[in-house]
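Working notes, beginning with the structure itself.
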Amino acid sequence: MAVTAAAGDGVLRELLAAVDAGESVVLATVVGTSRSVPRHAGAKMLVRADGTTSGTIGGGEMEARVRADAAAVLAEGRPRLIHYDLVDPGLGDPGVCGGEVHLFLEPHMPAATVYVIGCGHIGSAVVELAHWMGFRVVVFDDRPELVTSEAAPLADVRLSGELAAALQQAPITDQTHVVVVTRNMALDLQLLPLLLGAGARSIGVMGSARRWAATRAELAEHGVPAEQLDAVASPIGLDLNAETPQEIAVSILAQIVALRRAGPRD
Amino acid sequence: MKELLDDIDRWRATGSRVVIARVVDIEGSGPRQPGAAMAVNELGEVAGSVSGGCVEGAVVSEALAILAGEAPARIVTFGYSDDEAFAVGLTCGGIIRLFIEPLDW
């Protein structure tokens with residue numbers, strides 16, 4: 001007996017193309033229906049950030065409703081199971097065909113990225129662990145000889161030279177976690193003004209509390225806004241009494257996991 | 001779902017059809033949040049996870065039933081203790097709902 005293909009209409013292919021192009025989109029899938037409804041389990045619609053759509057889950061008022069709910073899902077960054085009655089438009093139902101439809105709305109965003117600034121012992125360990133955890137990994141060091149496929153074999157993107165040029169090549173997005181693990185404070189003072197205003201999901205700076213206090217004071221004096229400085233986690237990482245580069249990498253990634261997975265849950 | 005693509009591409013290159021299972025809802029504690037996904041091919045090979053091992057075996061059975069045409073794309077619930085539901089549960093005591101469907105490319 002042949003399998004009836006779920007009516008995805010090539011929507012998944014479009015989804016991947018959109019995400020690869022750096023777009024954030026929502027995939028709406030009909031996961032359950034009862035009585036008479038226009039499309040059945042497996043039907044899919046892609047909703048882009050600008051509200052345009054591909055595919056269909058039944059058309060009409062229901063799709064308009066899904067577009068609105070998709071915007072909320074995108075803002076929250078979490079999937080949601082929703083349910084519409086299609087009975088009485090007078091009561092606000094988005095349809096009259098007498099059925100009920102359950103939809104799963106799932107946000108798909110550009111890959112969560114760990115952006116490592118400084119490819120020394122700790123930077124290399126962070127690259128390796130972040131890759132293992134499934135992050136896209138970008139690594140930057142001003143010294144080209146440190147950013148090689150031997151030193152950071154698991155990085156997806158390796159950049160060196162000027163940070164400003166590197167940020168053009170691999171921009172920071174709201175899905176980016178910036179890990180600043182450089183060799184000294186002078187370098188931090190030079191690089192942080194470029195990193196702080198870039199809209200990263202999080203930013204952490206290695207060093208003692210004292211080093212950060214001094215760095216912070218200096219940056220503030222040069223006009224870096226207080227709210228940008230407040231957003232910095234420094235010393236970076238959860239306090240695990242970590243000592244080795246690998247242990248420190250665990251504490252840094254643990255902090256990123258805690259940040260990523262925190263937030264509203266219904 | 002994107003993390004499954006390498007495996008899915010490899011399977012499809014061999015001509016295997018693929019089923020995708022996605023967590024769409026959890027009640028109580030669940031090891032994975034909604035959106036977690038796994039893929040199953042015709043040989044019962046698995047990529048990804050939806051529960052950290054508690055229900056994956058049962059998902060493979062469901063997936064193979066779908067590929068055999070014995071079941072439609074649908075929501076499957078794990079974690080009830082009553083007789084109607086699957087005997088497979090979550091060690092954490094929660095309830096997990098998965099949408100399982102054949103991958104239509």
Inset, instruction - Treating the angle as unsigned and between 0 and 90°, give the value, to the nearest 10°, between the Cα long axis of helix A:185-196 and the longest Cα principal axis of chain A. - result: 20
Inset, instruction - For A:Gly99, list long-range residues whose amide hydrogen, built 1.01 Å from N in the peptide plane, is under 5 Å from its own amide hydrogen. - result: A:Ser36, A:Leu86
Inset, instruction - Let me know the charge dipole size of chain A about its Cα centre in debye, to the nearest 20, where only the beta-carbon of Lys, Arg (+1) and Asp, Glu (-1) is charged. - result: 280
Inset, instruction - Of the options A:Thr215, B:Gly28, A:Ala226, report the single residue whose Cα projects farthest towards the positive end of the charge dipole of the protein assembly as shown (beta-carbon charges: Lys, Arg +1; Asp, Glu -1). - result: A:Thr215
Legend entry - Rg(Cα)/(2.2 N^0.38 Å) for the protein assembly as shown, N = residue count: 1.12
Legend entry - Residues with amide H under 5 Å from that of A:Ala198, placed H, sequence gap 5 or more: none
Legend entry - Given 16 as the ceiling on other Cβ atoms within 10 Å, longest exposed-site-free region of chain A for GluC sites (Glu not before Pro) in DSSP loops: A:24-149
Inset, instruction - Using a 10 Å cut-off on Cβ to Cβ distances, tally the other chain neighbours for every residue of A:25-32 and report the average as a whole number. - result: 4
Inset, instruction - Using only Cα atoms, find the angle between the long axis of helix A:245-261 and the longest principal axis of chain A, and express it within 0 to 90 degrees, rounded to the nearest 10. - result: 30
Inset, instruction - From other protein chains only, count the Cβ atoms within 10 Å of every residue's Cβ in B:26-36, then give the mean. - result: 2
Inset, instruction - Provide the gained length on full extension for the span A:Ala72 to A:Arg261, in nm with one decimal, where the gain is 0.36 nm per separating residue minus the Cα-Cα distance. - result: 66.3 nm
Legend entry - 0 to 90° range, to nearest 10: angle between helix B:56-67 axis and chain B longest Cα axis: 50
Legend entry - Computed label-point distance, nm, for sites A:Arg143 and B:Thr14 using a 7 Å Cα→Cβ extension: 4.6
Inset, instruction - Based solely on C-alpha atoms, express the radius of gyration and the Dmax of chain B in angstrom. - result: 13.2, 41
Inset, instruction - Check each of the trypsin sites (Lys or Arg not before Pro) in region A:188-266 and keep only those in coil by DSSP with at most 13 other C-beta atoms within 10 angstrom; list them in order. - result: A:Arg265
Legend entry - Cβ neighbours within 10 Å from other chains - mean over A:103-115: 2
Legend entry - Helix-derived mean residue ellipticity, 222 nm - over chain B, DSSP H n ≥ 4, -39500 (n - 2.57), to 500: -6000 deg cm²/dmol
Legend entry - Environment charge at A:Asp188 (Cβ cut-off 15 Å; Lys +1, Arg +1, Asp -1, Glu -1): 0
Legend entry - Interchain or long-range residues, amide H under 5 Å from A:Ser234's placed H: A:Val205
Legend entry - Relative contact order of region A:113-261, defined on C-alpha pairs under 8 angstrom at six or more residues apart (%): 23
Inset, instruction - Arrange the following residues from fewest to most other Cβ atoms within 10 Å of their Cβ: B:Ile8, A:Ile256, B:Ile75. - result: B:Ile75, B:Ile8, A:Ile256
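The numbers here are math on the coordinates, done by the rules we state, and not lab data. Not measured: the values here are computed from a predicted model. Here the Cβ is made from the backbone with ideal geometry for all residues, glycine too, and neighbour counts use every protein chain on show.
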